[in-house]
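Data block below; observations after.
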């Protein structure tokens, strides 16, 4: 009680000064304890908001710049898919070999050699060279190339050599290297080595459709 009495007996000007100081202390504590952290938090949020807005603007600009490349990538993807559809799989290779020998016989050629070689890796594909030797006439050889170009699978013509011969059933011998490709997905094991195949030619090759059979001692033209 004595302490309160002493405070009550303090002159009024001192009470006013003490009250003002107390208010300043309370205001200062309230500012530093309550208001200042909120202001700092607000400033941090504003900086984060501005950074996010900058990222959004940059992302939109990148999106606009990438749009042409995405269109190009989509076009390339479609072209790759179309090319993959024309590339035989490893399981389809024996069928492709039969198709090549069949169209050779259908064109009137006699196949003396048909030997697939070991595949050679080329990035995502493996190239399969095929050594082939056949005999016939120039027209029969042209018919064979025309039929080969219409195959659903890609078959390229590589090395090509013609040798004139004089036989009742042939005037030229063609020694050539064909090439086809096997698509290899990333991480796929290397394709198996093909077995060398040399189909025996028939006794007499059938002439192409619309051409009369060759007379003995005279080569078909």
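No value in this document is a laboratory result; all are computed from the given coordinates. Computed from a predicted model, the values in this text were never measured in an experiment. Every residue, glycine among them, receives a Cβ derived from its backbone with ideal geometry; neighbour counts consider all protein chains shown.
Remarks
- Segment residue 139-residue 106, length gained on full extension (0.36 nm per residue, minus Cα span): 10.6 nm
- Proxy reagent accessibility, fewest Cβ within 10 Å first, across 125, 163: 163, 125
- Here the gap between residue 29 and residue 62, fully extended at 0.36 nm per residue and compared with their Cα-Cα distance, gives a gain of 7.0 nm.
- Where labels lie 7 Å past Cα in the beta-carbon direction, separation of residue 162 and residue 47 in nm: 8.1
- Stretch gain in nm, segment residue 36-residue 89, where the contour uses 0.36 nm per residue and the Cα spacing is subtracted: 11.9 nm
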